[in-house]
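Worksheet: the structure to be examined is printed underneath.
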Amino acid sequence: MPCSRITTLGPKSVLKEQKSRSIGWSDQDANFLHSRGCYQGRNHRSKVLPNSKLFTPHSLPSRTLLNTQIGFKKALFHLGFACGRSHRRRLKKEGGMRLEAKSQSDAELTQDHYATSSSEPLEPTPKRRSRLKLLLLIVGFTLIIASAVSVTLVVVLRSKDSGGGSGSMTHRQPTKAISRVCSRTLYQNLCVNSLVDFPGSLIASDKELVHISVNMTLHHVGKALYTSTDLSNLEMDGRARSAYNDCLELLEDSVDQLTRSLTSVAPSGDGDPQRLGSPEDVMTWLSASLTNQDTCTDGLSETEEGEVRNQMREKLKDLSELVSNSLAIYSSSDDDEDEDADGIPIQNRRRRRLMSSAEETSKLSPLPEFPVWVRKKERRLIQTPASLIQADIVVSQDGNGTCKTIKEAIKKAPENSNRRFIIYVKAGRYEEKELKVGRKKTNLMFIGDGMGKTVITGGVSVADNVTTFHTASFAATGAGFMARDITFENYAGAAKHQAVALRVGADKSVIYRCNIIGYQDSLYVHSQRQFYRECDIYGTVDFIFGNAAVVIQNCNIIARKPMDQQKVTITAQNRKDPNQNTGISIHSCKLLAQPDLLASKGSIQTFLGRPWKMYARTVYLLSYMGDHIDPKGWLEWDGSFALDTLYYGEYMNYGPGGAIGQRVKWPGYRVITSAIEANRFTVGKFIYGSSWLPATGVAFLAGLSE
């Protein structure tokens with residue numbers, strides 16, 4: 001039977017008096033313990049097992065008592081162990097036999113000792129046992145009370161320190177710097193509550209709170225991404241899975257954009273900022289991160305109520321608001337910044353002077369020739385026929401190339417390339433599922449044999465139970481993406497509603513001499529800086545939409561006949577936050593209609609755009625407008641929604657549809673009469689193209705005119 005621990009030990013006085021009487025255990029004693037599972041090991045120095053602390057005979061204060069001549073059973077009793085009631089009688093018998101074998105003097109010594117050394121019996125009495133139990137109960141109760149008091153104090157103190165959620169004011173007092181920077185945000189309570197709890201914020205200056213705010217936001221977005229991956233094994237229908245995958249991709253993009261922003265605004269050890277990116281880069285990245293959260297929540301809202309939707313909403317809670325606050329704090333951090341016509345800060349004067357200089361330089365060389373600063377290598381790359389270009393990868397369906405599919409070519413392309421990596425796609429019709437140039441595939445250039453010859457197509461629509469974001473026949477998010485002489489198409493048709501032909505979220509991307517053909521939602525200009533030149537864009541409803549900072553220049557925008565009872569709307573811009581540097585600028589383009597629409601213009605109206613989100617921003621500059629454009633010009637989204645917060649502008653457009661006499665009278669609409677105001681939406685000022693477009697070799701007009 002295993003050992004069972006009892007609580008009473010022998011008197012300490014006995015232990016002290018027996019220190020001089022140590023002689024060691026007998027082999028018989030050790031063998032007996034071992035046979036009962038109470039003792040194991042060699043040389044009698046191992047552990048008493050199993051229901052006691054791990055003692056050894058030579059580690060106990062009372063070990064000398066075990067080594068006396070008083071008998072094995074009594075020694076074991078004083079250590080506080082017993083080997084079970086069924087073996088006690090055997091212990092007593094064997095102990096008595098050993099005592100009889102000892103000398104008489106030893107026996108008398110033992111008798112005298114127990115008669116005189118203590119007034120208390122060695123055997124545990126009921127009175128002593130109950131006294132010890134009472135003492136243990138008192139000590140235990142005291143410890144429980146102390147623990148409860150400690151926990152209560154910790155909870156109270158933490159509640160006072162951390163404050164409530166986003167909707168309650170914090171109990172900790174914010175500094176004056178925190179109060180100042182948060183007063184410039186749209187979500188002031190959340191701003192204060194999130195900053196006061198972040199390390200270093202209570203001793204930070206206004207400027208230091210800029211990078212602290214971005215750092216704090218990055219922490220929350222990273223946590224949301226990490227915890228969201230836990231849901232991947234949950235059961236989802238097609239649309240929920242599509243929305244969930246969109247959110248993961250968009251959260252990853254946001255982490256990257258916020259990391260770049262933090263590296264750009266955080267001070268280095270010597271106090272100088274580490275300029276990974278310029279001020280306009282940071283504005284673009286923060287604006288794009290906010291758009292990512294918006295796209296994610298839009299996709300989730302299209303799914304049915306369920307566990308995935310509810311859990312994702314909980315994980316995404318406050319993310320959009322936190323990014324919005326970081327954007328507001330950053331955009332208002334430079335006292336030298338001016339504001340544009342809509343009250344939105346633009347970049348610092350030094351940057352504007354550089355752009356003005358570049359703009360003046362561009363006037364030395366009239367279009368369509370190339371600006372004088374374009375290097376010969378880039379000029380040759382744009383001008384040379386595709387068949388003569390030495391491409392890194394050649395895609396050919398007949399096998400006479402590096403790859404047979406575009407997807408294979410993208411996979412072979414290097415990640416984070418610092419040079420232009422060229423993929424030549426020979427003439428043919430390519431329909432491949434989920435074609436995407438990912439975030440890490442940077443500086444990729446796709447060259448085809450010409451519009452209508454190299455065709456990348458697909459037929460996925462929201463009718464296939466996926467999100468709009470997921471319907472694109474081709475998508476690109478890698479910075480520096482370029483496409484030339486290619487047709488991007490989605491043939492799903494008007495009856496299947498949203499169906500994207502081309503989606504672009506790549507920063508500093510260029511689409512040159514391409515067809516973009518679809519019906520509803522043909523071109524998704526999702527986010528970041530984009531430039532379109534000499535393209536033909538076809539569609540019916542909202543066929544240029546998204547929240548990029550995009551300039552479409554020298555393009556044909558061709559309206560197609562929609563379904564019955566539908567109206568044609570060219571743009572649907574979805575700027576959600578007044579601090580985002582985003583919008584759609586259509587400059588020196590032609591607004592045309594296909595013959596079947598022209599034949600129905602009496603029954604089908606065509607509008608310049610409608611506001612998808614609260615701060616939608618779209619302008620038309622120096623563009624031709626056909627007579628299919630409705631005299632009213634613009635269409636409401638839903639009643640009076642956003643009519644006083646949007647920014648819709650027209651500047652010196654012409655043609656039968658360009659007359660402004662009967663245009664809408666909304667508070668947010670304006671006829672731009674100032675060239676200074678109009679100039680803010682040009683390549684040079686709106687997407688800062690003079691700093692990055694020359695390296696692409698694509699011709700562009702930096703200002704309003706030559």
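Rule-based calculations on the coordinates, nothing more; no lab input. Keep in mind that what you see is a predicted model, and the values were worked out from it rather than measured. Positions of Cβ are backbone-derived with ideal geometry, glycine not excepted, and every protein chain shown enters the neighbour counts.
Annotations for the structure displayed:
- Computed FRET value (nearest 0.05) for T227 with A266, which takes r as the C-beta separation and R₀ as 30 Å: 0.75
- Euclidean distance between Cα centres, region 510-576 to region 307-334, Å: 28
- Calculated from backbone phi, Karplus (6.51, -1.76, 1.60) coupling profile of region 422-436 in Hz, x at Gly/Pro: 9, 10, 9, 9, 5, 3, x, 10, 10, 10, 10, 6, 6, 7, 8
- The protection proxy used here, the mean number of other Cβ atoms lying within 10 Å of each residue, ranks peptides 595-603, 642-650, 300-308 as follows, highest first: 642-650, 300-308, 595-603.
- Listed pairs K590/K685; K317/K613; K407/K576; K433/K496; K317/K567 exceeding 24 Å between Cα atoms: K407/K576; K317/K567
- 19 Å cut-off, amide nitrogen to a point 7 angstrom out along S705 Cα→Cβ, residues in region 616-658: 620-625, 650-656, 658
- For GluC sites (Glu not before Pro), the sites in region 378-453 that DSSP calls loop and that have at most 13 other Cβ atoms within 10 Å are E415, E434.
- If the segment from V671 to F641 were pulled out straight at 0.36 nm per residue, it would be longer than the present Cα-Cα gap by 8.8 nm.
- For region 523-598, the set of trypsin sites (Lys or Arg not before Pro) satisfying both a DSSP loop assignment and a count of at most 16 other C-beta atoms within 10 Å is given as K567.
- Once both labels are positioned 7 Å from their Cα atoms along Cα-to-Cβ, the gap between Y654 and D464 label points is 4.4 nm.
- Neighbourhood net charge (12 Å Cβ-Cβ; Lys/Arg +1, Asp/Glu -1) for S522: -2
- In region 170-320, taking the dipole from charged Cβ atoms about the Cα centre, the farthest positive-side position among C296, S254, S213 is held by S213.
- Global form of region 600-665, assessed from the alpha-carbon gyration tensor, a/c cut-off 1.5: oblate
- Once the chain from A599 to E302 is taken as fully extended at 0.36 nm per residue, the excess over their C-alpha distance is 103.3 nm.
- Peptides 183-193, 254-264 ordered by packing proxy, namely the average of other Cβ atoms within 10 Å per residue, highest first: 254-264, 183-193.
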